[in-house]
1. Can you spot the aspartates and glutamates whose alpha carbon is less than 18 Å from Lys86's alpha carbon? Ignore those fewer than 8 places along the same chain.
2. What nm distance separates the two modelled labels at Leu131 and Ile100, each placed 7 Å from Cα along Cα→Cβ?
3. Work out how much length Arg204 to Asp303 would gain on full extension: take 0.36 nm times their residue separation and subtract the Cα-Cα distance, in nm to one decimal.
4. Counting helices only, and only those DSSP H runs with n ≥ 4, report the 222 nm mean residue ellipticity of the chain as the sum of -39,500 (n - 2.57) divided by its residues, in deg cm²/dmol to the nearest 500.
5. Grab the alpha carbons of the range 118-173, take their convex hull, and tell me the volume per residue in Å³.
6. If neighbour count is taken as other Cβ atoms inside 10 Å, put Ile269, Ile137 in order from fewest to most.
7. Under 5 Å between amide H atoms, partner at least 5 residues away or on a different chain: which partners does Val42 have, H built in plane at 1.01 Å?
8. Once you have a ≥ b ≥ c as the square roots of the Cα gyration tensor eigenvalues for the range 222-297, tell me rounded if a/c is under 1.5, and otherwise prolate or oblate according to whether a/b is larger than b/c.
Amino acid sequence: MDLFAGPGGLDMAATALGLPSLGIEWDANAVTTRRAAGLRTVHGDVRHYGPADFPEATVLAGGPPCQSFTVAGTGAGRRALDDVLKFVQRLVDRDTRDNIDADLAEMDDERTGLVLEPLRWALSAIDNDELRPYSAIVLEQVPAALPVWEAYGEALADEGYSVAHGILHTEEFGVPQTRRRAILVARRDGQAAALPTPTHHRYRKGVPRPSADLVRQSWVAMKDVLTERTDPFQVVSNYGTGGDPKLRGRRHSCEPSATVTGKVSRNRIVTDDAAELDLPRLSHSEAGLLQTFPKRFPWSGGDIAQQIGNAVPPRLGIHVLSAALGLTPPGEDEWRALADWSPQVRDEAAADASH
């Protein structure tokens with residue numbers, strides 16, 4: 001059960017692992033993409049649903065929006081985070097849970113309350129005698145969400161879950177992009193929860209690309225996946241370091257991409273020489289490849305760049321879901337399933353799981 005499912009990064013990961021999935025998403029553009037991709041979708045607000053509506057689900061996943069407390073350097077963001085942490089404690093206390101909605105409605109930004117939804121779902125499943133508690137929980141967001149996941153972890157541990165949380169670097173899992181994500185994994189099957197073990201080296205600016213060794217592979221570069229761009233290039237960020245447009249970030253094609261955001265289409269692509277001639281900007285398919293979506297993934301609807309920037313990289317999702325479910329680390333079968341994905345593959349995976 002994927003809350004705040006977006007265009008389907010975690011659902012793609014589940015598909016590659018042969019697991020049926022269902023996502024709830026309110027954004028019409030992301031829903032259009034999901035439906036074009038053949039991903040099972042409920043178009044709606046997660047606050048209007050609960051575990052009783054989907055009793056067959058045994059795994060809960062989600063990446064709730066947290067923009068209200070991730071505004072860098074603002075007092076409002078810090079206050080919003082403090083409010084979320086207080087509401088987590090109120091949600092855990094069954095005596096105060098029922099009267100929490102009115103207080104959430106009075107908050108300046110309703111997205112602040114959305115970050116509580118996965119915990120509400122988890123606790124509701126535990127309290128309902130007709131349901132099974134989720135056997136595993138996976139949560140993902142930007143690094144600023146880690147204090148929330150830590151508070152979640154304390155609450156879930158009190159309910160019998162083993163919990164692990166921390167910051168993962170996506171290039172350490174074969175994603176051709178340096179992107180940091182706060183991850184929570186919880187298990188209620190008697191096994192210790194653990195974050196996935198990195199399979200690739202970490203990218204370090206100015207340090208030569210490391211060779212593969214017995215433990216880790218080299219990180220993946222943009223040129224390794226953007227194979228139709230045969231000549232070296234540079235990606236020039238659309239914003240400057242510290243707000244100075246003269247200090248725009250740059251990555252060479254022989255390096256991983258910087259974090260793919262909703263403004264990825266604004267980045268300039270130039271030749272990797274002194275002339276710096278402009279080249280075609282990243283297509284939606286190319287931006288999706290940097291997020292490890294299949295090349296033929298059918299991005300649809302409007303604001304596609306934002307959909308891509310908001311998505312969970314499926315390759316990271318495969319690693320995290322495998323760790324959460326106690327599966328063997330993913331290998332060539334899973335990567336081939338992701339690369340060869342199509343709605344038909346999705347349907348076959350769901351049919352196999354039903355048997």
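The numbers here are math on the coordinates, done by the rules we state, and not lab data. Keep in mind the model is a prediction, meaning the values are calculated, not measured. All Cβ positions, even for glycine, are placed from backbone atoms using ideal geometry, and neighbour counts span all protein chains on display.
1. Counting by Cα, and skipping residues close in sequence, Lys86 has these aspartates and glutamates nearby: Asp95, Asp98, Asp101, Asp103, Glu106, Asp108, Asp109, Glu110, Glu117, Glu150, Glu154, Asp158.
2. About 1.3 nm separates the two model spin labels.
3. Contour length minus the Cα-Cα distance gives 32.5 nm.
4. Calculated from helices alone, the mean residue ellipticity at 222 nm is -9500 deg cm²/dmol.
5. About 85 Å³ per residue, rounded to a whole number.
6. Starting with the residue having the fewest Cβ neighbours, the order is Ile269, Ile137.
7. Gly23, Ile24, Glu25
8. Oblate is the answer for the range 222-297, as a/c is 1.5 or above yet b/c matches or exceeds a/b.
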